[in-house]
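As structure tokens, the structure follows; a few thoughts come after it.
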Amino acid sequence: MRVAFASDDENDTTRAVVASLTEAGHEIIRPDAPESWPDLGRFVGQSVVDGRADYGVVMCWTGTGTAIAANKVPGVRAALAWDPWIARGARLWNDANVLAMSLKRLAPDVAVEVLQAFLDTTEPDPDEAGNIAAIEKR
């Protein structure tokens, strides 16, 4: 699986997420140079929409800013998650294609659990197809 990843800071939590992706054999797509969190969110979102990545992961201090920036890219459904249940639900009920997490408020092991729940939920709930389609209406 190809996963676009970007964070506006590096710490034990971001390193744990990258290590988890690497250990699982995922190809990680990252920006070439450090950028601001809005640019990082857009980079990850655009990578998913363009098909360079299957999913995206963005991290900033709260996770909110990068989620908002990613969601500005048409076709992105970025969800801020802080526990595995929220991440799984974002995939099941919203067909989220970008996971946003806080790099300051999540312990490394929790961030990895959230990531795994998101990536392990490969298909949205078919009963939510109408609601998911409604998200794309302008």
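The values are calculated or read from the model by the stated rules, or taken from the named source; none is laboratory data. In this text, all values refer to a predicted model and were calculated from it rather than measured experimentally. Cβ: placed from backbone, ideal geometry, glycine included. Neighbour counts: every protein chain shown. Heavy atoms of the whole protein, side chains included, go into the accessibility calculation; ligands, DNA and RNA do not. Shrake-Rupley method; radii C 1.70, N 1.55, O 1.52, S 1.80 Å.
Per-structure values
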| read-out | value |
| --- | --- |
| Given (1) farther than 16 Å from E10 by Cβ; (2) assigned to a helix (DSSP H, G or I), number of the condition T122 does not satisfy | (2) |
| Those residues of segment 120-134 which are over 18 Å from I86 (Cα atoms) and among the aliphatic types (A, V, I, L, M), in sequence order | A129, A133, A134 |
| Exclusive hit being open to solvent by less than 50 Å² (accessible area, probe 1.4 Å) and not in a strand (DSSP E or B), set A133, A129, A87 | A87 |
| Residue among R52, R105, R91 that alone is of a type in the set (K, R) and farther than 22 Å from P124 by Cα | R105 |
| Residue list for segment 8-63, restricted to those being closer than 22 Å to A107 by Cβ, assigned to a helix (DSSP H, G or I) and open to solvent by 60 Å² or more (accessible area, probe 1.4 Å) | D12, R15, T22, E23, W37 |
| Selection from segment 106-126 of residues that are under 18 Å from the mean Cα position of the chain (by Cα), free of Cβ contacts under 8 Å to residues at least 40 places away in the same chain, over 19 Å from P74 (Cβ atoms) and open to solvent by 20 Å² or more (accessible area, probe 1.4 Å) | V110, E113, D120, T122, E123 |
